[in-house]
1. Inside region 523-566, can you point out the residues that are acidic (D, E) and assigned to a loop (DSSP other than H, G, I, E, B)?
2. Taking region 567-587 only, how many residues are part of a loop (DSSP other than H, G, I, E, B) and under 21 Å from D497 (Cβ atoms)?
3. Of all helices (runs of 4 or more DSSP H) completely enclosed by region 375-491, which ones contain at least 1 residues that are of a type outside the set (F, W, Y) and surrounded by fewer than 15 Cβ atoms within 10 Å (Cβ to Cβ)?
4. If you scan region 589-615, which residues turn out to be in a loop (DSSP other than H, G, I, E, B), closer than 22 Å to Y461 by Cα and touching a Leu at 6+ places or on another chain (Cβ under 9 Å)?
5. Looking for whichever is at pLDDT 90 or above, more than 30 Å from M219 (Cβ to Cβ) and touching a strand residue (DSSP E or B) at 6+ places or on another chain (Cβ under 6 Å) here; the options are V317, V347. Which one fits?
6. Which of (1) within 24 Å of G196 (Cβ to Cβ); (2) modelled with pLDDT under 95; (3) not hydrophobic (A, V, I, L, M, F, W, C) does G116 not meet, given it meets every other one?
7. For S269, work out the one condition from (1) at pLDDT 75 or above; (2) not in a loop (DSSP other than H, G, I, E, B) it doesn't fulfil.
8. Looking at (1) assigned to a loop (DSSP other than H, G, I, E, B); (2) without any contact (Cβ under 8 Å) to a residue 12 or more places away in the chain, can you tell me which one R58 breaks?
Amino acid sequence: MRYTWVAVLFGALLSILPDLAAAEPRIALIIANGNYKGDIGSLKNPVGDGKLMGDALRKVGFTVNLLTDGDQRAMKKALNDFGQALAEAGPTATGLFYYAGHGLQVSGENYLVPVGANIKREGDVELEALSAEAVLKVLNFSGSKIQIVILDACRNNPLMRSFRSGSFGLAKIDAPIGSFVAYSTAPGSVAADGKGSNSPFAAALATEVQKPGASIEEMFRNVRAKVIAETDSQQVPWDSSSLTAPFYFSKDFSAAGSTAAMDQMFWDSIKDSSDPADFKAYIAKFPKGTFVELADNRLQVLRKAPPEAQPTQTAAVTEPSQPKSLSEDAPAAQLTPPSSNLKPGTVFRDCKDCPEMVVIPAGSFMMGSPDGEAGRASDEGPQHKETIPRAIAFSKFEVTLEQYKRFMDATGRDPGAMCWYYRDEEEEWLPKQGRTFSDPGFSQSKTGPALCLNYGDARAYAAWLSKLTGQNYRLPSEAEWEYAARAGTKTARYWGDGDEEQCTYGNGADLNWKKKYPKDPGFNPCDDGYAFSAPVGSFKPNAFGLYDMLGNSWELTQDCLSGSYSGTDNKGAPQLGTCEKHAIRGGSYGRGSKFLRAATRGGMKEDVRGVTNSIRLVREL
């Protein structure tokens, strides 16, 4: 009976889809400035671009407020009215902000330039222009479900000669959770104003938003391809997504007419359901569908029937996700055991393809390294007592390439096209074009750690898992990470103070690394079997049952990297703020024993994808 009802509902959805789209309010603010005076210089396309985008967005259900050639007061009022309208529309609303005009970058901050702005030097910008951060705050405070910011403001800085920084284009903005940020060209680059009546970016965007059945990620990929072709690769649009729900500008799937579109629509209609029958219906309707594994996972979590009533394709998972040879001595993962059973040492997963988690107890430890520890750096002190006030669950392994790929396939997140690597010969980080998590520059098994990831990637993955499972996943704080790595030990490494057993417990720079990089002096004369990353779980775990806490790959944390531990709160909480770099911990396959210590700290800028960076998560209990 339930399946029949869902099937009928699905058929009904096809006929009333435009009405459903209208039921979720869509509100857009467009600001288009071109009539600049004096040194700033006028632009011919923005006003036309704004009108073009307004027409396109109205056709896909947006209520549009268009402000052209606005001064600062008018821009601020329009932004305030926009935020108020979104708040009144409620949490199901979609808010979209589009800006065309001059934009400036000062000290890493982006500003949208009003008409009539009197800017002679960098110090005037904050007073005369509108901060892009203000736009993000208005969207965030509105509480709207989907938040989209599109900046066609990457034209050349007309006041470059009077600015000390000499920065081109706009600075990168990582999309806050629940938002999508797009630029007409890559951060730090300059976009074309256009030879015709519209800029290449606006022309492509206005066309693509009206095409049916494409997700926002797919739609912007199409825009990117068009602009690259139109500008002979001189302009490459860029975007950053932390959306936790799918979004389609045009939901007219009947026009799209594809099985994939029907699959997507059915999934969107039941993905937040708490009824197992909905997911059973999806599997029956689309046995080879895009989301069949996710539906299977949700079905297992939600099902309350006894095992003999379960269909064969949704049999309970009892084996760990890693090959048995990698973790044969470890307890098998349970599929979300009852909260009363989440005692220290419990191994579980919230879904079939979720990371295996190990419950570790609350406790206290001495964080940092003592003055006499070999290899100690100054930022590892002063050594101090930290307390982890409650039990938490930690990833048993680093997030694998296979697990991360499922997230990328499900969300369509842009993997980027550059990964940084460190060469001791040059003593600097160097960028490598064409490297991504799926191709870091060397072969990996599907159970190797997902590499070439940055802070935004890690946050987005945690947000996706949280949405998928209904649990709270996040990056660990530095204190939580070191507590988990030490696992009750007080020595430099969880296997002792010496480095004699490095190749038994961790994948670091060894004889295999030395063969690849003979000039690198930082290696241990042992053989761990790998020159680069190893499949997770290939070495012995620590006392908490966590694998590869030292070596294999640097692991990202929430904390801003500081020069010392002075002033920390001693409660295990993240040390947050405005970060130049985030702390990374654990060393990697390319680092010797000096770095494979529990107290070792490294740092990485938020937007840098490094070939030795990976993810290990905390799940709150």
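The values are calculated or read from the model by the stated rules, or taken from the named source; none is laboratory data. Remember, predicted model here, so these are calculated numbers, not experimental data. In this analysis, Cβ positions are derived from the backbone assuming ideal geometry, glycine residues included, and neighbour counts consider all displayed protein chains.
1. Start the filter on region 523-566 by keeping residues that are acidic (D, E), which leaves 527-528, 548, 555, 559.
Listed by number, the residues that qualify are D527, D528, D548.
2. Filtering region 567-587 for residues part of a loop (DSSP other than H, G, I, E, B) gives 567-581, 586-587.
Then drop every residue that is not under 21 Å from D497 (Cβ atoms), which leaves 586-587.
Counting residues in region 567-587 that are part of a loop (DSSP other than H, G, I, E, B) and under 21 Å from D497 (Cβ atoms) gives 2.
3. Details: elements: 401-411, 455-469, 478-486.
It comes to 401-411.
4. Residues satisfying the conditions are R609, V611, T612, I615.
5. On the way: V317 fails: at pLDDT 90 or above.
Result: V347 is the single residue among V317, V347 that is at pLDDT 90 or above, more than 30 Å from M219 (Cβ to Cβ) and touching a strand residue (DSSP E or B) at 6+ places or on another chain (Cβ under 6 Å).
6. So G116 meets the others, but not (1).
7. Status for S269: all satisfied but (1).
8. Every condition holds for R58 apart from (1).
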